[in-house]
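The values are calculated or read from the model by the stated rules, or taken from the named source; none is laboratory data. In this text, all values refer to a predicted model and were calculated from it rather than measured experimentally. A quick note on method: Cβ atoms are made from the backbone with ideal geometry, for glycine too, and the neighbour counts reach across all protein chains shown.
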Amino acid sequence: MSAVRLLVGTRKGAFVLTSDSERKNWEIDGPHFAGWEVYHLTGSPADPDRLYAAPSMDWFGQVVQRSDDGGRTWDAMDNRFEYTGEPGTHLWYDGTPRPWEFTRVWHLEPSATDPDTVYAGVQDAALFRTTDGARSWEELDGLRTHTTAPGWQPGAGGLCLHSILLDPRGNGRMFVGISAAGVFRSDDEGRTWTAANRGLLTDGIPDPDAEAGHCVHRLAMHPSRPDVLFMQKHWDVMRSDDAAENWTEISGNLPSDFGFPIAVHADDPDTLYVVPITSDSLHYPPDGRLRVYRSRSGGQEWEPLTEGLPQENCYVNVLRDAMAVDSLDGVYFGTTGGQVHVSSDSGDTWTTAADTLPSVLSVEVQTLQ
Amino acid sequence: MSDRARESAEGPQDVRVRLPYHLRILARIDGEVAVRVEGPVTPNSVLDALEERWPELQGTIRDHSSKRRRAYLRYFACEEDLSHDSPDDALPERVSKGEEPFMVVGAMAGG
């Protein structure tokens, strides 16, 4: 029988939740790195007991932790994220130039085949890589030196690189999402990059269909169809069928197309999940009802999933890295109210694995034999 | 090197250091520690010795490259705030003699 392990990053540490494949009873282990903000922790697909975590704190900066035993013990690794060369400037909120400054790691994306290789998306937006199990990090500076970079501006959470998609075909292609710059694609393992935002429309920037400057909240891809990408943008849910050459809107009948996470069912590349949020000014579900919306047609037609989720007086948010799926028809997400909700039937019904954790920043899932 | 620092250069000295809770947990340090400092006892020389013994503390008190103190941390000793002195100035003699600890203190903020 499979076991399921959830890796939950919160504002006050990390938690490891385990259950059998029924997912009715959960053991909660933690907090690890108590008191630290854990924007993300995740496991290597090539070695599920190899975990990486990125705790940070305003007082003490960024650290990187690695576990080789599934999260029972951790060791501090290299935390030196230094931009190469003179980092130059991007734009601040008020439109004035501001020097690039490292703040924190937002997202870790391990290689599918090598447990020692991990990509790190950071704030201020840049992409780093380790090939020695986090003993050292190097910047892939072709992204930060893109011609549009001096005009990138931060979203409300900062100028952060939060989404990293690695093409599973091993062709050197990868995509990143940056708030609020947009999507960028590399076809040469991250050395050079192309802005990939055609079809995005953004109010609030001088040119709504500019080459860059779009507030992308999250990217998703199904490994069986790596040229099809999905995006939750600040406003709008989007889809590309040509590896981000062009984007079209698939918001359809959603009650709001503002939100943060988006996920693709592990076994069905046309089944999508989003969590609509009222608006950019009201970061909670419409009508105080927490509803996951599912599309079984790759977008446009959406159905609310509510059974087992709070349907009154619910004013939490679900952040961009806080939803995950697995091959056991599992859908998992955490809220800013500290709940971790679990579905073992593709979203038809939900239970609560944890109810009173600190505000959840990220959720990842591992299925273990 | 300042005159004060030059005056305190007397050879290896064991300096007591107190760290904030989160850094003690990170470095697996239990309580106060002592580090051996060669040459002048200054905030930078003490922290250099500390980071050599516990490399996981690198970057958590000072910036990796510039060695600038992180904004939310302060340096205290002998009931004085030394945060805005040069980090290469000598610490008080009672610190270099091991009678008082050098303290890295987190600013009182947060939730």
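Against the conditions (1) at negative phi; (2) over 21 Å from the mean Cα position of the chain (by Cα), A:GLY30 satisfies every one except (1). Does the range A:86-97 contain at least one residue that is surrounded by fewer than 16 Cβ atoms within 10 Å (Cβ to Cβ), farther than 25 Å from A:ALA353 by Cα, within 14 Å of chain B (Cβ to nearest Cβ) and in contact (Cβ under 8 Å) with a residue 12 or more places away in the chain? So far as the range A:86-97 goes, no, none of its residues is surrounded by fewer than 16 Cβ atoms within 10 Å (Cβ to Cβ), farther than 25 Å from A:ALA353 by Cα, within 14 Å of chain B (Cβ to nearest Cβ) and in contact (Cβ under 8 Å) with a residue 12 or more places away in the chain. When the range A:229-242 is examined, which residues are found to be in contact with a strand residue (DSSP E or B) (Cβ under 7 Å, 6 or more places away or on another chain) and either outside any strand (DSSP E or B) or not small (Gly, Ala, Ser) (or both)? Of everything in the range A:229-242, those that are in contact with a strand residue (DSSP E or B) (Cβ under 7 Å, 6 or more places away or on another chain) and either outside any strand (DSSP E or B) or not small (Gly, Ala, Ser) (or both) turn out to be A:LEU229, A:PHE230, A:MET231, A:GLN232, A:LYS233, A:HIS234, A:TRP235, A:ASP236, A:VAL237, A:MET238, A:ARG239. Residue pairs whose Cβ atoms lie under 7 Å apart, sitting 6 or more positions apart in sequence or on different chains, and linking a residue in the range B:80-96 that is in contact (Cβ under 8 Å) with a residue 60 or more places away in the chain to a partner that is surrounded by fewer than 18 Cβ atoms within 10 Å (Cβ to Cβ) and among the charged types (D, E, K, R), are B:ASP89/B:ARG4; B:ALA90/B:ARG4; B:ALA90/B:GLU7.
The lone criterion from (1) closer than 26 Å to A:GLY182 by Cα; (2) in a loop (DSSP other than H, G, I, E, B); (3) among the aliphatic types (A, V, I, L, M) left unmet by A:ALA134 is number (1).
Restricting attention to the range A:49-64, the residues that are touching a Lys or Arg at 6+ places or on another chain (Cβ under 8 Å) and more than 14 Å from chain B (Cβ to nearest Cβ) add up to 3. Scanning the range A:208-228 for residues that are within 22 Å of A:ASP187 (Cβ to Cβ), assigned to a loop (DSSP other than H, G, I, E, B) and touching a Leu at 6+ places or on another chain (Cβ under 9 Å) turns up A:HIS214, A:PRO226. Look at (1) away from every other protein chain (no Cβ under 14 Å); (2) buried (at least 18 other Cβ atoms within 10 Å of the Cβ); (3) modelled with pLDDT under 95 and you find that A:ARG72 fails only one, number (2). Inspection of the range B:37-51 identifies no residue that is touching a residue at least 60 places away in the same chain (Cβ under 8 Å), crowded, with 18+ Cβ neighbours inside 10 Å and of a type in the set (Gly, Ala, Ser). For the range A:64-96, a residue qualifies if it is under 14 Å from A:PHE128 (Cα atoms) and among the hydrophobic types (A, V, I, L, M, F, W, C), and the qualifying residues are A:VAL64, A:PHE81. Do we find that A:ALA34 is within 14 Å of chain B (Cβ to nearest Cβ), of a type in the set (Gly, Ala, Ser) and within 16 Å of A:ALA324 (Cβ to Cβ) in this structure? Answer is no for this residue. Of the candidates A:GLU82, A:GLU22, the single residue that is within 14 Å of chain B (Cβ to nearest Cβ), charged (D, E, K, R) and more than 23 Å from A:LEU319 (Cα to Cα) is A:GLU82. Inside the range A:172-206, residues that are modelled with pLDDT of 95 or more and either assigned to a strand (DSSP E or B) or farther than 23 Å from A:ALA263 by Cβ (or both) make up a count of 23. When A:ALA125 is tested against (1) aliphatic (A, V, I, L, M); (2) without any contact (Cβ under 8 Å) to a residue 24 or more places away in the chain; (3) more than 14 Å from every other protein chain (Cβ to nearest Cβ), exactly one condition is not met: (2).
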